[in-house]
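Notes to accompany the following structure.
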Amino acid sequence: MAKVKMALIGCGGMGTRHLYGVRELVQSPFNNIELVALCDIRRENVELAATEVEELLGSKPATFTDVGAMAKAIPDLEMVDVVTDPSVHHTVVCQALDLGLHVLVEKPLAITVKACHLMMEAAKRNDRLLSVAENYRRDPSARLIRHLIDKGVIGTPYMGMLHSVRPGRDIFITPWRHLIDKGGPLIDMGVHFTDLIRYQLGDIKEVYGDARLIEPVRQKQESIGDHYTFYQQRHKAMDQEVPATAEDSSLAVFKMESGATVSWIVNIGGHGSAGAQLILGDKGCIEGWGNRGGSTQLKVAGQEDVQYEQLLAEYKDFSLEPLAEYFFPQRSSLGDKAVDWKIIALEQYELAEAILNGRQLEVDGAEGLKDVAAVYAICESARAGRTVTMAEVENAEVYDYQAQIDEALGIS
Ligand SMILES: NC(=O)c1ccc[n+]([C@@H]2O[C@H](COP(=O)([O-])OP(=O)(O)OC[C@H]3O[C@@H](n4cnc5c(N)ncnc54)[C@H](O)[C@@H]3O)[C@@H](O)[C@H]2O)c1
């Protein structure tokens, strides 16, 4: 099978996990990529990743600290997987596209809506593919929920609830996740959720929102669960306290193009905890929007809840794409410790298939932009003190909140 030569750019926490994704794909009968190089501006990060690749795949790829030098040294490089922090997605991705490379970029597509537009323009002018790694929707649970909605199992969806309230003042994974011009916690977690809402219920029309910063100082956790060497080393080196400048708490009402409404509360900080995820239809209700390693159940008033396995047994026409069937033969990822890596492999595989065989991208630049814009619509609405339309946020006509980020990063 033909293989696309690929390089990873950004060898931090998620970059390391993308290397495990490569291993899942390479070891499958569907493999269509060859990892030829790694790149990170920090020499120690790229070297640690190279050691990781040697353990995972048996040999070390070439290492670089500069994207241009990498492209020059490997003229038949076709695709890059960009996993840098979001504040530089637009610079790295535009450079890669201008070098003639196809790009898979981690979510969020970019740090602001204007930065998203820069990347889409670069993809267009170079006639290259731009794909966004929005992983939650690729989990079998998200696919099953979408299948049930499409079949009309819950009738017409009229309301939804996505409440994820997580208390505390711990540093949320990395210090940069608390800085407004690096990509705060709301954009970091929020795009997962806006992508799921749009995947299940279609596009958003209008947003009314409130966003606040409740924890201005974040503290290092005593220990972290992640076993990856990179995460452990970084945790050791982390400052005890970091200042937070990005909002950590948000409430919104989304009015969907379909007429349905969705209630949103996403807090990563503060006090109290809650989690509620429901999609309400006039014939039934689905619990959950889909999640990595997730589940779902169907609720109909007056009847026993229908659990995941029963849903699979009842809706036998539900299936996954061939590589996902290979990864998740039970059509479920519940309890699968490799689910994170397998979904990343699906993302890498899809772009390589698009390059080799013209496969359609599921989350391209236009889709990724909508996910970013929907989160910023909450902040823009809070700033403007009124409901905002997605059209005015996507076209950067309502932009007061993001203007400060663009100014800090020199985006115009
Ligand atoms: N889909 C998910 O579930 C998920 C989970 C975690 C992170 N992410 C996303 O992955 C991305 C990276 O997050 P992370 O937690 O790995 O961050 P990180 O800080 O751990 O790693 C970022 C890496 O990028 C490198 N880098 C920065 N600028 C660079 C440049 N110009 N060129 C090359 N390398 C550069 C840094 O040195 C670092 O090694 C973010 O977009 C984040 O939102 C997604």
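The values are calculated or read from the model by the stated rules, or taken from the named source; none is laboratory data. Worth saying up front: this structure is predicted, and the values here are computed from it rather than measured. Ideal geometry is used to build each Cβ from the backbone, glycine not excepted, and the neighbour counts take in all protein chains shown. Ligands, DNA and RNA are excluded from the accessible area calculation, which covers all protein heavy atoms including side chains. Shrake-Rupley method; radii C 1.70, N 1.55, O 1.52, S 1.80 Å.
Could you check segment 233-273 for strands (runs of 3 or more DSSP E) lying wholly inside it with 1 or more residues that are more than 20 Å from Ile378 (Cβ to Cβ) and open to solvent by 70 Å² or more (accessible area, probe 1.4 Å)? If you could, list the steps in order and put the result at the bottom.
On the way: elements: 241-243, 249-256, 261-268.
In segment 233-273, the matching strands (runs of 3 or more DSSP E) lie at 241-243.
Which is modelled with pLDDT of 95 or more, within 24 Å of Ile187 (Cα to Cα), in contact with a helix residue (DSSP H, G or I) (Cβ under 6 Å, 6 or more places away or on another chain) and of a type outside the set (Gly, Ala, Ser), of Asp364, Asp371?
Values: Asp364 fails: in contact with a helix residue (DSSP H, G or I) (Cβ under 6 Å, 6 or more places away or on another chain).
Every option except Asp371 fails the conditions.
Within segment 199-211, can one find any residue that is buried (at least 22 other Cβ atoms within 10 Å of the Cβ), in a helix (DSSP H, G or I) and not aliphatic (A, V, I, L, M)?
yes
Could you list, in sequence order, the residues of segment 142-171 that are part of a loop (DSSP other than H, G, I, E, B) and closer than 30 Å to Leu312 by Cβ?
First, the residues of segment 142-171 that are part of a loop (DSSP other than H, G, I, E, B): 151-156, 167, 169, 171.
Within segment 142-171, Lys151, Gly152, Val153, Ile154, Gly155, Thr156 meet the criteria.
Residue by residue through segment 1-48, note down the ones that are basic (Lys, Arg) and touching a helix residue (DSSP H, G or I) at 6+ places or on another chain (Cβ under 7 Å). Steps first, please.
Initial filter on segment 1-48 (basic (Lys, Arg)): 3, 5, 17, 23, 42-43.
Once the filter is applied, which keeps residues that are basic (Lys, Arg) and touching a helix residue (DSSP H, G or I) at 6+ places or on another chain (Cβ under 7 Å), segment 1-48 yields Arg17, Arg23.
Give just the number: which of (1) outside any helix (DSSP H, G or I); (2) touching a residue at least 12 places away in the same chain (Cβ under 8 Å); (3) over 25 Å from Ala408 (Cβ atoms) does Ile111 not satisfy?
Result: Ile111 fails condition (3) only.
Please find, among Val207, Val217, the residue that is at pLDDT 95 or above and closer than 17 Å to Gln402 by Cα.
Values: Val217 fails: closer than 17 Å to Gln402 by Cα.
Going through Val207, Val217 in turn, the sole match is Val207.
Given Leu104, Leu99, which one is of a type in the set (A, V, I, L, M) and more than 17 Å from the chain's Cα centre (by Cα)?
Working: Leu104 fails: more than 17 Å from the chain's Cα centre (by Cα).
Result of the check over Leu104, Leu99: Leu99.
Could you list, ordered by first residue, the pairs with Cβ atoms under 9 Å in which the first is in segment 81-101 and touching a residue at least 60 places away in the same chain (Cβ under 8 Å) and within 14 Å of Arg125 (Cβ to Cβ) and the second is more than 6 Å from the ligand (Cβ to nearest atom) and open to solvent by 10 Å² or more (accessible area, probe 1.4 Å), at least 6 apart or interchain?
Ala96/Val67; Ala96/Ala71; Ala96/His102; Ala96/Arg128
Please work out which residue is nearest to Ala338 (Cα to Cα), limiting yourself to segment 19-54 and to residues that are of a type in the set (D, E, K, R) and in a helix (DSSP H, G or I).
We begin by selecting, within segment 19-54, every residue of a type in the set (D, E, K, R); these are 23-24, 34, 40, 42-44, 47, 52, 54.
Narrowing the set further to residues that are in a helix (DSSP H, G or I) leaves 23-24, 43-44, 47, 52, 54.
Numbers: Arg23: 11, Glu24: 9, Arg43: 28, Glu44: 26, Glu47: 24, Glu52: 16, Glu54: 19 Å.
By that ranking, first place goes to Glu24.
Are any residues in segment 58-72 more than 11 Å from the ligand (Cβ to nearest atom) and either assigned to a loop (DSSP other than H, G, I, E, B) or open to solvent by 60 Å² or more (accessible area, probe 1.4 Å) (or both), and if so, which ones?
Gly58, Ser59, Lys60, Pro61, Lys72
Quick one: count up the residues across segment 172-198 that are away from the ligand (no atom under 12 Å from the Cβ) and part of a loop (DSSP other than H, G, I, E, B).
2
Could you please find all residues in segment 83-103 being surrounded by fewer than 20 Cβ atoms within 10 Å (Cβ to Cβ), in a helix (DSSP H, G or I) and away from the ligand (no atom under 13 Å from the Cβ)?
Asp98
Anything in segment 120-136 that is in a helix (DSSP H, G or I) and either in contact with a Leu (Cβ under 6 Å, 6 or more places away or on another chain) or modelled with pLDDT under 95 (or both)? List them, or say none. Write out each step before concluding.
Start the filter on segment 120-136 by keeping residues that are in a helix (DSSP H, G or I), which leaves 120-126, 136.
Across segment 120-136, the qualifying residues are Ala122, Ala123, Asn126, Tyr136.
Looking at segment 277-297, is at least one residue among the polar types (S, T, N, Q), assigned to a strand (DSSP E or B) and free of Cβ contacts under 8 Å to residues at least 24 places away in the same chain? Show your work before the answer.
Start the filter on segment 277-297 by keeping residues that are among the polar types (S, T, N, Q), which leaves 277, 291, 295-297.
Among the residues that remain, those that are also assigned to a strand (DSSP E or B) are: 277, 297.
Next, from what is left, pick out any that are free of Cβ contacts under 8 Å to residues at least 24 places away in the same chain: 297.
Taking every residue of segment 277-297 in turn, at least one turns out to be among the polar types (S, T, N, Q), assigned to a strand (DSSP E or B) and free of Cβ contacts under 8 Å to residues at least 24 places away in the same chain.
Output yes when any residue across segment 118-125 is surrounded by 20 or more Cβ atoms within 10 Å (Cβ to Cβ), within 11 Å of the ligand (Cβ to nearest atom) and under 27 Å from Ile268 (Cβ atoms), and no when none is.
There is no residue in segment 118-125 that is surrounded by 20 or more Cβ atoms within 10 Å (Cβ to Cβ), within 11 Å of the ligand (Cβ to nearest atom) and under 27 Å from Ile268 (Cβ atoms).
Give me the helices (runs of 4 or more DSSP H) completely within segment 311-412, filtered to those with at least 2 residues that are in contact with an Asp or Glu (Cβ under 6 Å, 6 or more places away or on another chain) and crowded, with 20+ Cβ neighbours inside 10 Å, ordered by residue number. Spell out the reasoning first.
Details: elements: 322-327, 339-357, 365-384, 390-394, 400-409.
Qualifying helices (runs of 4 or more DSSP H): 339-357, 365-384, 400-409.
Consider Thr16 carefully, then state whether it is part of a helix (DSSP H, G or I), within 14 Å of the ligand (Cβ to nearest atom) and open to solvent by 50 Å² or more (accessible area, probe 1.4 Å). Please lay out each step first, then the result.
Working: part of a helix (DSSP H, G or I): yes; within 14 Å of the ligand (Cβ to nearest atom): yes; open to solvent by 50 Å² or more (accessible area, probe 1.4 Å): no.
Against the criterion (part of a helix (DSSP H, G or I), within 14 Å of the ligand (Cβ to nearest atom) and open to solvent by 50 Å² or more (accessible area, probe 1.4 Å)), Thr16 does not qualify.
Residue by residue through segment 227-261, note down the ones that are at pLDDT below 95, among the hydrophobic types (A, V, I, L, M, F, W, C) and touching a Ser or Thr at 6+ places or on another chain (Cβ under 9 Å).
Within segment 227-261, Phe230, Met238 meet the criteria.
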